[in-house]
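Notes follow once the structure below has been shown.
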Amino acid sequence: MNFTKTTEQDSHYNHLEKMTVKELLTNINTEDKSVPLAVEKVLPEIEKLTIAITEKLKNGGRLFYIGAGTSGRLGILDASECPPTFGVPHELVVGLIAGGDVAIRKAVENAEDSKNQGWLDLLNFNISSKDIVVGIAASGTTPYVIAALENCNANEITTGCIACNKNSPLGAVAKFPVEVVVGPEFVTGSSRMKAGTAQKLILNMLSTSAMIQLGKIKGNKMVDMQLSNKKLVERGEKMLVTALNIDLETASILLEKHGNVRNAIKNFK
């Protein structure tokens, strides 16, 4: 199969330094508009990966995201938001990045080129065939991610991926590949832009849909969310007011007593 790295192709625009701020913003926005349309084209592949993730989580497994640079950071972001949003344990969805936690804030030289470290990072979590690992790489060529998934396959661990080039080496390795082609970036090769946006949209779909399938949403409300700040407590109180037809004071008492919205509704008499 032909592999063309569209993420590295020349921008449709030139002489960016000569553009006004308005021109820059307008042109970036124009390019960004194409991203949801690109994601729409791979919805069938996203569906297959989401179903695979959901099945693993329902059967006691975990979801791992593994990536380098922007891709790794996006995976960590999605994983870190699952516990407060859906009330799940921190170890249920795990994000790993080449270079370790220090790479979340600062690039670690050559970390993405290691063919051994990705698998070693997964082994630190006692990875098993109960789990599923999703590799994230805009180029679809990152050695750290590809080698990790190859090792997963060899150990009968289900694999998926999110890449932004068609027929990529990463897509060839993953059992459930998602390859969303967003085309050249506004700034040539800056895959933190359209490619990163596409990855974020897909990650939103994967985790949110899986958590809904796991029963973590009631109606359209986050009834299992962690009440970690005043805003979320107030949101929880309003949910109870609407769901139980009670006043705000009663809702506040119930929420404090039962710890979250779901338990308050369940135990309301």
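So is Thr188 touching an Asp or Glu at 6+ places or on another chain (Cβ under 7 Å) and more than 24 Å from Ala52 (Cβ to Cβ) or not? Answer is yes for this residue. Looking across Leu16, Leu25, Leu77, one residue alone is surrounded by fewer than 18 Cβ atoms within 10 Å (Cβ to Cβ) and within 15 Å of Ala198 (Cβ to Cβ). It is Leu77. Looking at segment 114-134 only, could you name the residues that are in contact with a Pro (Cβ under 9 Å, 6 or more places away or on another chain) and of a type in the set (Gly, Ala, Ser)? Answer for segment 114-134, where residues must be in contact with a Pro (Cβ under 9 Å, 6 or more places away or on another chain) and of a type in the set (Gly, Ala, Ser): Ser114, Gly118. When residues in segment 1-55 are screened for being farther than 19 Å from Pro177 by Cβ and touching a residue at least 24 places away in the same chain (Cβ under 8 Å), 13 of them pass. Considered as a group, the residues in segment 109-141 that are assigned to a helix (DSSP H, G or I) and more than 18 Å from the chain's Cα centre (by Cα) include one that is nearest to Ala68 (Cα to Cα), and that residue is Glu112.
In summary, Thr142 fulfils each of the numbered conditions (1) closer than 19 Å to Pro177 by Cα; (2) at pLDDT below 95 with the single exception of condition (2). Taking residues in segment 68-79 that are farther than 9 Å from Glu112 by Cβ, and partners anywhere that are among the β-branched types (Val, Ile, Thr) and at pLDDT below 95, the pairs with Cβ atoms closer than 9 Å and at least 6 places apart or on different chains are Arg73/Ile104; Ile76/Ile104. Scanning segment 148-168 for residues that are within 19 Å of Asn126 (Cβ to Cβ) and either within 20 Å of the chain's Cα centre (by Cα) or modelled with pLDDT under 95 (or both) yields Ala148, Leu149, Cys152, Ile157, Thr158, Thr159.
Here Phe268 fulfils each of the conditions (1) part of a helix (DSSP H, G or I); (2) in contact (Cβ under 8 Å) with a residue 24 or more places away in the chain apart from (1).
Inspect all residues belonging to segment 225-236 and state whether any of them is of a type in the set (D, E, K, R), closer than 30 Å to His15 by Cβ and in a helix (DSSP H, G or I). For segment 225-236, residues of a type in the set (D, E, K, R), closer than 30 Å to His15 by Cβ and in a helix (DSSP H, G or I): absent. If you go through segment 142-164 and pick out every residue that is touching a Ser or Thr at 6+ places or on another chain (Cβ under 6 Å) and either in a loop (DSSP other than H, G, I, E, B) or of a type in the set (Lys, Arg) (or both), you end up with 3.
Pairs meeting the criteria (first residue in segment 98-119 and closer than 13 Å to Val145 by Cβ, second residue part of a loop (DSSP other than H, G, I, E, B) and of a type outside the set (Phe, Trp, Tyr), beta carbons under 6 Å, at least 6 apart or on different chains) are Ala98/Ala68; Gly99/Val108; Ala111/Ala98; Ala111/Gly99; Glu112/Ala68; Glu112/Ala98; Glu112/Thr142.
Among the residues of segment 11-42, those that are over 27 Å from the mean Cα position of the chain (by Cα) and either under 28 Å from Ala172 (Cα atoms) or of a type outside the set (Lys, Arg) (or both) comprise His12, Tyr13, Asn14, His15, Leu16, Glu17, Met19, Thr20, Val21, Glu23, Leu24, Thr26. Taken over segment 196-255, the criterion of being touching a strand residue (DSSP E or B) at 6+ places or on another chain (Cβ under 6 Å) and under 30 Å from Gly160 (Cβ atoms) is satisfied by Gln199, Ile202.
The values are calculated or read from the model by the stated rules, or taken from the named source; none is laboratory data. Remember, it's a predicted structure, so these values are computed and weren't measured experimentally. Neighbour counts run over all protein chains shown; Cβ positions are idealised from the backbone, glycine included.
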